Amino acid sequence: MTSHTFFFPDSLSFWNTFPEMRPGSRKGKLCFTNGCFDLIHPGHVQYLQDARTLCDFLVVGLNSDQSVARIKGLSRPFQCQSARALVLLGLRSVDAVICFDEDTPARLIEQIQPDVLAKGGDYAPESVIGRDTIEKHGGQTVIIPFIEGFSTTSIVNRIQTNRGVTV
């Protein structure tokens, strides 16, 4: 199977491929995180590696193209959801990617009931979407610190202003 085989349009497709990851059937921990992942940078890579250390199977919820446009504006995404998923699945830390059309992953989190919900350091634990669902099922929410100096916004700003990396 190619890595693209593990890009799913919904949770049902995910369950059909990985029935052993259903709640009650799991032999290990499933961690969930989500985002747009429009321009993958070292901060993303480190964040996903850190999330993977919390579990046996890492699922990334990927905002669909329509969801990204609603959240970030009509100039986004820069890459289509299939391309973004392919890049994510090329990382050793990511086991599966599930696309979602909503603005938040709340419904997807409820459906897959992960054991761990990982979010980046820009979130306060009490503001994490899905935290209540996770805790209701005995799971935990983990905030992973960001690596300073890396962001999609800063990359876009450098491109738009014709500035490369300053040494």
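Every read-out reported here was derived from the displayed coordinates using simple, explicitly stated rules and does not represent laboratory data. The structure displayed is predicted, hence computed values, not measured ones.
For the pair residue 82 and residue 110, the difference between a 0.36 nm per residue extended length and the Cα-Cα distance amounts to 7.7 nm. Between amide H atoms placed 1.01 Å from N, distances below 5 Å from residue 61 occur with 33, 34, 35, 98, all of them 5 or more places distant or on a separate chain. In the chain, helical runs assigned H by DSSP with n ≥ 4 each contribute -39500 (n - 2.57); averaged across all residues and rounded to the nearest 500, the mean residue ellipticity at 222 nm is -9000 deg cm²/dmol. In this structure, the amide hydrogen of residue 141, modeled 1.01 Å from its nitrogen in the peptide plane, lies closer than 5 angstrom to those of 117, counting only residues at least 5 positions away or on a different chain. Each principal axis of the chain carries a Cα extent, and these read 52, 32, 28 Å when sorted largest first.
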